[in-house]
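Colleague: For reference, the structure I am asking about is given below.
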Amino acid sequence: MTGGLAFLVAKYNYWVYIVLMMIGLYAIIAKNNLIKKIIGMSIFQTAVILYYISTGAKKGATIPIIAHGHGHEAVQAADYINPLPHVLMLTAIVVSVATLGVALALAIRIYEQHRTLEEDEILERLKE
């Protein structure tokens, strides 16, 4: 393999995030059904969460718990996984689930009011 192609293949996980983000973005922008837009938003949020979780991973690293047996040796930060992205994404998952719940509840109320979930039809009814 050439250098550029080898680099692209080695970073396949980034391509997965990009594809997921584009699927979610496409659903948000191109679809007229509100449920499909909500699902697109959820896919987009999941792609962002997966991306940030992957940034905290390192080959050959260990969890950041320092055993008491190290004595007075200097601790090398490069030997440990950064827990901050994982902790922040736990919060993002909670926010994502809450956002999904509120969006679905709003979709139910919109359906009760307008008897449709199609954005075009709702906008036409609001103009009347």
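Only the coordinates and a few stated rules stand behind these numbers; no lab work does. Here the structure is a predicted model, which is why all the values come from computation and not from measurement. Positions of Cβ are generated from backbone atoms using ideal geometry, with glycine treated the same way; all protein chains shown enter the neighbour counts.
Colleague: What is the number of the single condition among (1) more than 30 Å from Leu123 (Cα to Cα); (2) free of Cβ contacts under 8 Å to residues at least 40 places away in the same chain; (3) surrounded by 14 or more Cβ atoms within 10 Å (Cβ to Cβ) that Ile28 does not meet?
Modeller: So Ile28 meets the others, but not (1).
Colleague: Look through the range 87-121, keep the residues that are in a helix (DSSP H, G or I), hydrophobic (A, V, I, L, M, F, W, C) and touching a residue at least 40 places away in the same chain (Cβ under 8 Å), and return whichever of them is farthest from Phe44 (Cα to Cα).
Modeller: Ranking the candidates gives Ile110 first.
Colleague: Could you grab me the full set of residues in the range 76-110 that are of a type in the set (Val, Ile, Thr) and farther than 18 Å from Ile65 by Cβ?
Modeller: Thr91, Ile93, Val94, Val95, Val97, Thr99, Val102, Ile108, Ile110, listed by residue number.
Colleague: Among the residues of the range 33-65, which ones are polar (S, T, N, Q) and in contact (Cβ under 8 Å) with a residue 40 or more places away in the chain?
Modeller: Those that are polar (S, T, N, Q) and in contact (Cβ under 8 Å) with a residue 40 or more places away in the chain: Asn33, Ser42, Gln45, Thr46, Ser54.
Colleague: Now a separate question. Within the range 1-34, can you find the residues that are assigned to a helix (DSSP H, G or I) and over 18 Å from the mean Cα position of the chain (by Cα)?
Modeller: Gly3, Gly4, Leu5, Ala6, Phe7, Leu8, Val9, Ala10, Ala30, Leu34
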